[in-house]
Amino acid sequence: MKPLPKQGGTRLATIPKHQIFVECACGHKCPVPVPVLIERWGDLITVGEAIGKLRCSHCGLKQISEYRLIYQGGSWAAMQGAEQGQRKPPPE
Ligand SMILES: [Zn+2]
């Protein structure tokens, strides 16, 4: 078993450009952008508290087995836009 990273005391407000990649005990994996968590629970919440509150959208249980903080560097919005913006016009 891998130990959880010791970042549980970090306030989400200090890492607004990260996302938390969470893995449930059922195997479901999902990246959660930090701003989404702040919007839901306020900016005083810490990483550890958010992990404790997160409920798996697949099995509905709170049993996060692992999590990782991933730095987005502001490219989150750009990536979202890029995915939709790369469609080429149909050939005439
Ligand atoms: Zn699950």
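Values in this text are rule-based calculations from the coordinates and carry no lab data. The shown structure was predicted, so the numbers you read here are calculated from the model rather than taken from an experiment. Using ideal geometry, Cβ is built from the backbone for each residue, glycine included, and neighbour counts are taken over all protein chains shown.
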**Study point:** Separation of the ASP43 and CYS26 label points, Cα + 7 Å toward Cβ, nm
**Key:** 3.4 nm
Point to revise | Label-point separation, LYS17 to LEU69 (7 Å along Cα→Cβ), nm | key: 1.4 nm
